[in-house]
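To start, the structure itself, in structure tokens.
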Amino acid sequence: MLFGTPAGTEELESRLGDLDRLRASLGREITNPTPWLGRLRRLAKASSVESSVSIEGFELPQGEAFAIVSDAEPIQTGDENRNAVADYARAMDHVGVMALDPDFKWSDRVILDLHFDACYFQRDKSPGRWRTTPISVTGSDGRAAYEGPDASRVVELMGEVVAWLEQGDLDTHVVVRAAMAHLHTVSVHPFRDGNGRISRIVQSLVLAREGLLSPEFASIEEYLANNTPEYYAVLQRVQGGSYSPERDASEWVAFCVEAHISQARRRLDQIAEASSRWRYLERLAASRGWPDRLVIALEQSLIGGTDRTKYEQEAEISTATASNDFRRLLDAGLVTQVGRGRSTRYFASETLRSEVGEAVAYRERT
């Protein structure tokens, strides 16, 4: 037995209508070819990945997740936080592939493989295998907030979840189905660890299979990370402390819809900000008589930092030209250098960040 998908109320249908309009606008924006869209996609992906793993206690210094997701830095063996980000990013890459597969079918192997991807670094937690022992979730007060169903029921219940994913409630709004997919998976709690992560990944796959938005623009991990206490509180109220699928899931669905509305607005704001930032950098380069390619270096320095190889590849220039360009930016006080030799990276200076921030804020006011 699984939770029943709540019937649509007038209020829910109204909010879904608001969401549909936002998601349609977002879909149009991300199909427009722009020179900065690729970086925004990587930034959105990195933020979603970092947010999801942070919910479960994995933390990285600012900017490192972007470097990992962009394959700019190697993973340090034994660094659990970096490995959590890298493995979750790999799982989301897998989601992106399955979202486009015309022959895709839901199966237990899909969920097991995604869990293996996301939790590979936790080899002692049986990644890619159903749990065989009891499990509970501890609340902030140190007491058990949720008891998962008996391990002997996991295979049967996940079989029901997979069957529902393949055939259940197909006419229901995709955001509602995705919310229910999250609830079904996290309520069964089928793994020894990483149940929150896999539930959010399954939710993202349901959304990505719709085809309107790519996974990095469809997910709500950032919202959940920024509102973790509420996220857990809603889940706990709906779940009722143990596996009780006869309970009403309406509050959970409403919470997820509001999360999507907030996240869609944030992504649209980020697109507008990226456009304003790029135009400002173009004007900055032109005012100094610099080649247009330096806009790429400046943009990269602002978004996660950059290095010579990364700049060479995107600008399609020689190593010597890249070195000269960074020297010009260093002399102008627009970037700072960190490290030496092959590990040298360049980051936007506080001067550049301040100037760009003021320019973007001014355009938003006007």
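The values are calculated or read from the model by the stated rules, or taken from the named source; none is laboratory data. All values reported here derive from a predicted model rather than from experimental measurement. So basically every Cβ, Gly included, is an ideal-geometry build from the backbone, and we count neighbours across all protein chains shown.
Within 21 Å of residue 36 (Cα to Cα), exposed (fewer than 13 other Cβ atoms within 10 Å of the Cβ) and of a type outside the set (Asp, Glu): does that describe residue 354?
It is true that residue 354 is within 21 Å of residue 36 (Cα to Cα), exposed (fewer than 13 other Cβ atoms within 10 Å of the Cβ) and of a type outside the set (Asp, Glu).
Only one entry of 149, 127 meets the criterion of being modelled with pLDDT of 95 or more, in a loop (DSSP other than H, G, I, E, B) and under 11 Å from residue 191 (Cα atoms), and that entry is 127. Scan the range 215-250 for residues that are touching a Leu at 6+ places or on another chain (Cβ under 9 Å), modelled with pLDDT of 95 or more and hydroxyl-bearing (Ser, Thr, Tyr) and the total you get is 3.
Scanning the range 284-293 for residues that are over 32 Å from the mean Cα position of the chain (by Cα) and surrounded by fewer than 17 Cβ atoms within 10 Å (Cβ to Cβ) returns 286, 287, 288, 289, 291.
For the range 80-111, a residue qualifies if it is free of Cβ contacts under 8 Å to residues at least 12 places away in the same chain and more than 26 Å from residue 63 (Cα to Cα), and the qualifying residues are 100, 101, 102, 103, 109. A search for C-beta distances below 7 Å between a residue of the range 310-332 that is closer than 18 Å to residue 343 by Cβ and any residue that is surrounded by 16 or more Cβ atoms within 10 Å (Cβ to Cβ) and among the hydroxyl-bearing types (Ser, Thr, Tyr), counting only pairs 6+ apart in sequence or on different chains, returns 322/311; 326/346.
Figure legend. Inter-residue proximity from the range 343-360: first residues in a helix (DSSP H, G or I), second residues among the aromatic types (Phe, Trp, Tyr), beta-carbon distance below 8 Å, spacing 6+ or different chains. Indicated pairs: 355/280; 356/280; 359/280; 360/280. Whether a residue is among the β-branched types (Val, Ile, Thr) and assigned to a helix (DSSP H, G or I) was assessed, and residue 137 does not pass this test. For the range 330-361, the tally of residues that are farther than 21 Å from residue 67 by Cα and either touching a helix residue (DSSP H, G or I) at 6+ places or on another chain (Cβ under 6 Å) or of a type in the set (Gly, Ala, Ser) (or both) stands at 8.
How about the range 185-295: which helices (runs of 4 or more DSSP H) wholly inside it have at least 3 residues that are free of Cβ contacts under 8 Å to residues at least 12 places away in the same chain?
250-287
Remark: residue 100 matches the filter, which requires a residue to be closer than 20 Å to residue 213 by Cβ, surrounded by fewer than 16 Cβ atoms within 10 Å (Cβ to Cβ) and of a type outside the set (Ser, Thr, Tyr). Of the set (1) modelled with pLDDT of 90 or more; (2) within 24 Å of residue 254 (Cβ to Cβ), all apply to residue 8 but (1). Among residues of the range 29-44 that are over 13 Å from residue 299 (Cα atoms) and touching a residue at least 12 places away in the same chain (Cβ under 8 Å), those with a Cβ under 8 angstrom from a residue that is in a helix (DSSP H, G or I) and basic (Lys, Arg), sequence gap 6+ or separate chain, pair up as 30/41; 44/267.
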